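The values are calculated or read from the model by the stated rules, or taken from the named source; none is laboratory data. Just so you know, these numbers come straight off a predicted model, no measurement behind them. Glycine also receives a Cβ, built like all others from the backbone with ideal geometry; neighbour counts cover every protein chain displayed.
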């Protein structure tokens, strides 16, 4: 890999990846031909995907040939805040620097886990992590609070995960399970980076591929399991249970009371609606004050707070100036009427409608 300077910071200068591997074993002529037929297409496919990732990165960071890496906007607000607070306007950092920065908010185990993480994030295989690659990673393994836990469950231990696979290769792999409906595997979408593609076998033995929309991959797999679509990861009878990824600790659950429900109904709103943007539901509680707001407003607040100046040094660092370490993810449970209320309304609907 070569690195050139761009605006005072390193920028990738791509060279064709060279696969370092031992010499192929000595075979007889027939076995050698079989070995080459098996290995060459797989290596060419992987290289073509790497080149595709390089092109996508260049198009994202250099639209119209102009360097826009310093203003690149990550899709997830938490990821945007983290990258800009850690590396400012830089769009590329070395792997060691990236790992050190990420370890402050998402600890990374050394050894094999760190190597596995690098192989997942470094789509261009150049030993550096760009803001574009980090954007793709955080979209794939959302949500942010459990980013590495999601990655571990989905890309490290899950038998259904396939790296560097194409549409046709997914069909070829699932061809062996056409007599086992519910068999499935998933891969990074080649044409829509940052999204997943799930291939699965239908009841009639057909092989379909779909891209989940508007939900994390683990939620799509859980929903598909309930519906009978994703039952056997890579054709295996054991299907990993991903329910733990959906759990929110009991102390971070808030049940909306009847009093709160009635109070906000009077002003045409709901308790769970963020009162800052009036668009998203609250999902963050700030410590220690206990105020509730949505994650998007919190990130906007933090970005603006960094530009503030104070007339004299503060005796403490305000909670809202830091990352979300002082904030807790929460789940708001809306108020629901007891079942007997619905029965009462049903039985007396005519009277109530004339009130």
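Overview of results
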read-out: Hits in segment 169-186 - residues which are in contact with a helix residue (DSSP H, G or I) (Cβ under 9 Å, 6 or more places away or on another chain), touching a residue at least 40 places away in the same chain (Cβ under 8 Å) and buried (at least 18 other Cβ atoms within 10 Å of the Cβ); value: 182, 183, 184, 185
read-out: Residues (closer than 23 Å to residue 149 by Cβ and either at pLDDT 80 or above or part of a loop (DSSP other than H, G, I, E, B) (or both)) located in segment 240-279; value: 240, 241, 242, 243, 244, 245, 246, 247, 248, 249
read-out: Members of segment 165-205 that are in a loop (DSSP other than H, G, I, E, B) and farther than 15 Å from residue 136 by Cα; value: 165, 166, 178, 179, 180, 181, 182, 202, 203, 204, 205
